[in-house]
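Take a look at the structure set out below.
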Amino acid sequence: MEDAGVCNFLKDPLSINDLITSGTNFEINTNFDEGFTNDIYDELNLGSDDEQEDDSKSGIDQSLLVSPWTKPFEELKKHMLQLNENIWKKITKAGDKNEGVVPPINARACIRYNAYWEGEGTPFDSTFLRGSSYSFYTGRNEVLQGLEDAVCTMHKGESAQFLISYHLLFREMGCPPRVKPKADGLFIIELVGYNLIGDIDAEQQIPEEDRDKYSVVIDKVKEIHLKGLDFFSQGMYRNACRAFEKALDLLKFSRLSNEDEEKEQSAFLLKLYTNLAVCYIKVNAPSKTCIMCKEIRHLTNNKPSCKALFQEGRALHMLGEYEKARSLLIKAQHMEPHNLDISAELKLLEERYKSYKESEKKLWTKAMGLIKDAEGDAAKNNTSDIDELEKEMLNLMTNFKDDKNQKNLKLPSGLTTKEIETLDNLAKRLDLKLTLNTLDTTQYIIIKKT
């Protein structure tokens, strides 16, 4: 027999769903070395969910798993507020009521929790054991009714204890032998956050005759935008792009009735362009980010926010436009001198730019010297220099093609027609493309067709 004062823990957590369906096996483990963190990184910063998969394994504090109450539940009720005939509540940490109302129907809630049966010191279900938070959609019967009802009384950041009647858990029958009949449960819950999930097909509810009316369209645009935020928070960046693009198309072509609508439209367009600038970086489409940043400049009279400058700088960095990227990132740093993301991006850019310039100088000096020698000896039918030229250029372009970080290969200015023709033929051999730089039409670049 184990000592009554010692708490043993499950090697793996039990799932409520497994308990009430197929059943489950479990093992006892007294040696815990897995943990969780609560780092939140929200690039959009426009209301996206705070759900965070905990990727740190630094050791679970066993005190987080021990039940705060092992006496009869009837005594616990005396210390709690009765919400209704089935739920009692005690707030242990107040949430931020300024963050909005409690989670409504059709929201994605992110929680951490432990759940205990009466008189037991260890949880029968726990996100802390799994080392991660748990998310569910309200109003869809995805979790036990009592758990959802409890969460829907909480504010963001709130922690509370709930005593929940068996009527809202496993009801009269329970799930013997794992869940006793008429088993009430104690739930310790933290509401990490929640987000309205919106509807990506909301525009289908608009009558055909009203599809260009701003007063009708704007509510559906907000629904689609919310869905985009939900996609983003789950790492589904291409779906987020699709949602924001759809919202943008609806909003751009809506008819405005007054100045107030014009101001509101501009503000929401700015939000959508900014979100798309971030998402296009995520899906490796920096050219599209530059287009979004151009629209932002137009809406702000060429006074973009620090965030917009940062995203444009990142995009130009990805495109190999190091000097322009550096200029924008420095401007962003002046606006937010202590921003660590900007500092990190600048440091990475400086390292790549230095290496790039050294390689460019060395390679192009040799390559262009060979081109001139080849042109001078063309009349003599001297093919050795031409062969050497092709060898050097092919090495250069092959290295570029294999470098996943380099998006284009900038060519020196002042190339002759013959030089351009030579480089074009070599690029085609490697399935590369020689084209004018869209950001500087006086300069040629080599790009990857994919």
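The values are calculated or read from the model by the stated rules, or taken from the named source; none is laboratory data. Given the structure is predicted, the values throughout are model-derived calculations rather than measurements. Every residue, glycine among them, receives a Cβ derived from its backbone with ideal geometry; neighbour counts consider all protein chains shown. Note: accessible area is taken over every heavy atom of the protein model, side chains too, but ligands, DNA and RNA are not part of it. Shrake-Rupley method; radii C 1.70, N 1.55, O 1.52, S 1.80 Å.
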Query raised in the report: Magnitude of the Cβ-charge dipole of region 99-161, K/R +1 and D/E -1, about the Cα centre, nearest 20 debye?
Result: 280
Report task. Using the charge dipole of region 226-279 (Lys, Arg: +1 at Cβ; Asp, Glu: -1 at Cβ; taken about the Cα centre), state which of Leu256, Ala267, Asn239 has its Cα farthest towards the positive end. Result -> Asn239
Query raised in the report: Percent of accessible area on region 195-268 owned by carbon and sulfur, 1.4 Å probe?
Result: 44
Query raised in the report: With every protein chain present, what accessible area does Lys324 have (1.4 Å probe, heavy atoms only), rounded to the nearest 10 Å²?
Result: 80
Query raised in the report: Quick one: how many Å² of Lys77 are accessible to a 1.4 Å probe, rounded to 10?
Result: 40
Requested in this report: Once you've got the Cα coordinates, tell me which of Lys97/Lys307; Lys307/Lys448; Lys288/Lys331; Lys288/Lys449; Lys324/Lys410 are over 19 Å apart.
Outcome: Lys97/Lys307; Lys307/Lys448; Lys288/Lys331
Report task. Taking 7 Å along the Cα-to-C-beta vector as the label spot, tell me the Met236-Ser159 distance in nanometres, rounded to one decimal. Result -> 3.2
Report summary line: Where a ≥ b ≥ c are root eigenvalues of the Cα gyration tensor, a/c under 1.5 meaning rounded, otherwise prolate if a/b exceeds b/c and oblate otherwise, region 182-329 counts as oblate
**Report entry** Cα-based convex hull volume of region 395-437 per residue, rounded to whole Å³
**Finding:** 76
Query raised in the report: How many Å³ per residue does the convex hull of the Cα positions in region 242-318 occupy?
Result: 78
Report task. Provide the per residue accessible area, probe 1.4 Å, for region 238-354, rounded to a whole number of square angstrom. Result -> 52
Query raised in the report: Per residue, how much accessible area does region 111-196 show when a 1.4 Å probe rolls over the protein heavy atoms, in square angstrom?
Result: 36
**Report entry** Cα Rg, Dmax, region 70-181, angstrom units
**Finding:** 14.2, 45
